[in-house]
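Asker: Can you read through this structure? Questions will come right after.
The values are calculated or read from the model by the stated rules, or taken from the named source; none is laboratory data. All of these numbers come straight from a predicted model, not from anything done at the bench. Ideal geometry is used to build each Cβ from the backbone, glycine not excepted, and the neighbour counts take in all protein chains shown.
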Amino acid sequence: MEVLVASAVGILTATGLYLVLRLRTFPVILGMSLLTYAVNVFLFASGRLTIGAPPILTDGVTTYTDPLPQALVLTAIVISFGMTAVVVMIALGAYLGTNDDLVDDPIDAEEEDAG
């Protein structure tokens, strides 16, 4: 189980980094979302993957699941959804203002001569 989760975190991270390094806005947004998912899976796995165990100690329970990583992941999901919406709106505004969705604008020849 740990190998599967570690592989998923690695694949999500590698794909997210690849997409972040693209020159278009939409792949960069997708890459940031994949990196967020990778961090969420990593945080969730840090709380010991225990199946069928309660998150709260009660009488007669020998094993339990740590509820802190679950709370952190839930909070991170909400925050990442909000930030993704903000970034999409900023990217849409930049695209509508310039009719171009390049992340890294090329340097004009006039600016290069002046600088």
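Asker: Select from the stretch 6-25 the residues that are surrounded by 13 or more Cβ atoms within 10 Å (Cβ to Cβ) and over 14 Å from the mean Cα position of the chain (by Cα) and write down the one among them that is nearest to T75 (Cα to Cα).
Answerer: Result: A6.
Asker: So which helices (runs of 4 or more DSSP H) are wholly in the chain and hold at least 1 residues that are in contact (Cβ under 8 Å) with a residue 40 or more places away in the chain and out of contact with any Asp or Glu (no Cβ under 7 Å at 6 or more places or on another chain)?
Answerer: By residue number, 2-20, 25-45, 67-98.
Asker: May I pose another question? Keeping to the stretch 31-58, report how many residues are out of contact with any Pro (no Cβ under 9 Å at 6 or more places or on another chain) and surrounded by 16 or more Cβ atoms within 10 Å (Cβ to Cβ).
Answerer: Looking only at that region, the number is 12.
Asker: On to the next question. Do the conditions hold for A85, that is, is it at pLDDT 85 or above, surrounded by fewer than 17 Cβ atoms within 10 Å (Cβ to Cβ) and over 30 Å from T98 (Cβ atoms)?
Answerer: Taking the combined requirement at face value, the residue does not satisfy it.
Asker: With the structure loaded, tell me whether S80 is at pLDDT 80 or above, surrounded by 14 or more Cβ atoms within 10 Å (Cβ to Cβ), among the small types (G, A, S) and touching a Gly at 6+ places or on another chain (Cβ under 9 Å) or whether it fails that test. Talk me through it step by step, then tell me what you get.
Answerer: Values: at pLDDT 80 or above: yes; surrounded by 14 or more Cβ atoms within 10 Å (Cβ to Cβ): yes; among the small types (G, A, S): yes; touching a Gly at 6+ places or on another chain (Cβ under 9 Å): no.
So S80 fails the test.
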